[in-house]
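Working notes for the structure below.
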Amino acid sequence: MFDSIASKFSSIMKTLSGKGRISEKNVKDAVEEIKNALLDADVNLRVVRRFVNSTLDEALGEKVLSSVDPGQQFTKIVYDKIVSLLGGTDEETALKLKGKDTTSIILLMGLQGSGKTTAAHKLAYRLKKEGRNVLLVAADRVRPAAISQLEVLAEKVGVPVFTAPGEKNAVKVAEMAVSKARHDLIDTVIIDTSGRMHLDEELMNEIVSINKAVKADEKLFVSDAMTGQAAVDIAKEFEDRVGISGIILTKFDSDTRGGAALSIKSVVGKPIKFIGTGEKMEDLEVFHPERIASRILGMGDVVSLVEKAQEQYDEKEAERLQRKIEKNTFDLGDYLDQLEKMDKMGSAEKLIDMIPGAKGAVNTDDIDFSELEREKAIIKSMTRFEKENFRIIGPSRRKRIAKGSGTSVSDVNRLLKKFEKTKLMMKKFATNKKFQAALMKNMGM
Ligand SMILES: Nc1nc2c(ncn2[C@@H]2O[C@H](COP(=O)(O)OP(=O)(O)O)[C@@H](O)[C@H]2O)c(=O)[nH]1
Ligand SMILES: [Mg+2]
């Protein structure tokens, strides 16, 4: 998502950056291009108008035109606008659940196929990891297969599911589940409900009744990002009828233009709390407007990247690695470790999206995965001493390593050259903090 709008925004920002002076006309032209980019991304027309007018107002003010680096100032303004367009503060996006000594209830609602059942098990997985005691409730009594779908997913996560076989009435199912949860001292109940293909009265009434019966702490509207502006209208309808506390935007991993994500907060007035980025239980991320905004502006998503990487390592190892990078003792053995972890960290594509400057510059089609396999084989053919001291690997060692790994001397040469370069880069970005500070500075913060 956002690929096309991101490439447009990056090029708009580039035309203004680095200029010592920019004229009123420069600003107006840039804003006009921004307007077109937003419209192309299928952003709500009224939202676009508001965005454009307020950007123009600020950008034409004294502060920008007469500043030392007007391009940077302009970027900062646009960045802030996108952040507020996308959504709220961390506090607004956090789930509002009660303490673990009582039972909190999360109600999921939305159209059929929007990803409710998938989101239910993803939320269960996340909350279980946070130490909560979760019960999933199959309150979709319309689709015959819905109950077993939730059962299968719940089993994957390892949480119980309340199915109430034979009960047709969703409100009753929800009520029974909640009283069972209270009795069993379960602290979190996630209710998966039914959806229709279109909005209809019956569906609305059912949700209203369920909510009346259970008084949910979180009423999350699950919305398919691929639905575009229609998703925004439907969300508004649910907000008016039931009242929602937040939005889960699913299928963020699809290549839609991003219009729904950029409009829904302004139109509905409720924050996006999570995004679904795949079909598996771990593919649910907390929504961070700042990160998406910097992704759209081509600044990359350094913070997400660092977090994602760190999730995979236990903290100790991360610290060890950090120290090695700081002390410049990162060796080929460590490099091999990283290569082997890459599979765990998700697709290379997801990662590249988040590296500043890499978007557009690196095409995942260009990544030669067989090359990475070759590199692993080469390093595995080295002695420990060689791994720790790559500079001692002279011609005869190279020959031996190539033979041992079934590669050629030029493959070995290439790896060593690349490793040397990597070490240089690491030296530059010695710590994440410094890296982040550099980025902030770059953005004029
Ligand atoms: N790629 C992707 N697929 C998703 C995501 N969320 C749900 N899906 C898929 O969308 C389809 C409908 O999801 P489901 O949870 O059954 O929708 P429901 O009818 O609202 O309960 C399923 O095939 C899911 O695997 C997501 O974030 N990314
Ligand atoms: Mg479902």
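Odds and ends about this structure:
- When segment 136-152 is limited to residues that are of a type in the set (A, V, I, L, M, F, W, C) and buried (at least 23 other Cβ atoms within 10 Å of the Cβ), the one that is nearest to ligand 1 (Cβ to nearest atom) turns out to be LEU150.
- Listed by first and then second residue, the pairs linking a residue in segment 145-171 that is free of Cβ contacts under 8 Å to residues at least 12 places away in the same chain to a residue that is away from ligand 2 (no atom under 12 Å from the Cβ) and assigned to a helix (DSSP H, G or I), with Cβ atoms under 8 Å apart and 6 or more places separating them unless they lie on different chains, form an empty list.
- Within the set SER223, SER194, SER209, the sole residue that is within 15 Å of ligand 1 (Cβ to nearest atom) and farther than 27 Å from LEU86 by Cα turns out to be SER194.
- Applying the set (1) farther than 21 Å from GLN149 by Cα; (2) out of contact with any helix residue (DSSP H, G or I) (no Cβ under 6 Å at 6 or more places or on another chain); (3) not basic (Lys, Arg) to SER209 leaves exactly one unmet item: (2).
- Only one entry in ILE77, ILE105 is more than 16 Å from ligand 2 (Cβ to nearest atom), out of contact with any Lys or Arg (no Cβ under 6 Å at 6 or more places or on another chain) and modelled with pLDDT under 90, namely ILE77.
- Residues located in segment 232-283, provided they are out of contact with any Phe, Trp or Tyr (no Cβ under 8 Å at 6 or more places or on another chain), within 13 Å of ALA119 (Cβ to Cβ) and either without any contact (Cβ under 8 Å) to a residue 60 or more places away in the chain or assigned to a loop (DSSP other than H, G, I, E, B) (or both): LYS251, PHE252, GLY278, GLU279, LYS280, ASP283
- When segment 238-255 is filtered for residues that are more than 21 Å from ARG143 (Cβ to Cβ) and away from ligand 1 (no atom under 11 Å from the Cβ), the ones remaining, listed by number, are GLU239, ASP240, ARG241, GLY243, ILE244, SER245, GLY246, ILE247.
- Taking the criterion of being farther than 19 Å from ILE5 by Cβ, among the hydrophobic types (A, V, I, L, M, F, W, C) and away from ligand 2 (no atom under 16 Å from the Cβ), the residues of segment 256-287 that qualify are VAL268, PHE274, VAL286.
- The residues listed here are SER4, SER11; of these, the one that is in a helix (DSSP H, G or I), of a type in the set (S, T, N, Q) and over 24 Å from THR250 (Cβ atoms) is SER11.
- Selection from segment 272-283 of residues that are buried (at least 22 other Cβ atoms within 10 Å of the Cβ) and either of a type in the set (Phe, Trp, Tyr) or more than 7 Å from ligand 1 (Cβ to nearest atom) (or both): ILE272, LYS273, PHE274, ILE275
- Residue in segment 69-76 that is touching a Pro at 6+ places or on another chain (Cβ under 6 Å), over 25 Å from THR250 (Cα atoms) and either surrounded by fewer than 15 Cβ atoms within 10 Å (Cβ to Cβ) or in contact (Cβ under 8 Å) with a residue 24 or more places away in the chain (or both) present: no
- Options ALA124, ALA138: the member that is over 20 Å from the mean Cα position of the chain (by Cα) and within 16 Å of ligand 2 (Cβ to nearest atom): ALA138
- Of all residues in segment 172-207, those being more than 16 Å from ligand 2 (Cβ to nearest atom), within 24 Å of ALA235 (Cα to Cα), touching a residue at least 60 places away in the same chain (Cβ under 8 Å) and surrounded by 17 or more Cβ atoms within 10 Å (Cβ to Cβ) number 1.
The values are calculated or read from the model by the stated rules, or taken from the named source; none is laboratory data. All of these numbers come straight from a predicted model, not from anything done at the bench. All Cβ positions, glycine included, derive from the backbone under ideal geometry; neighbour counts span all protein chains shown.
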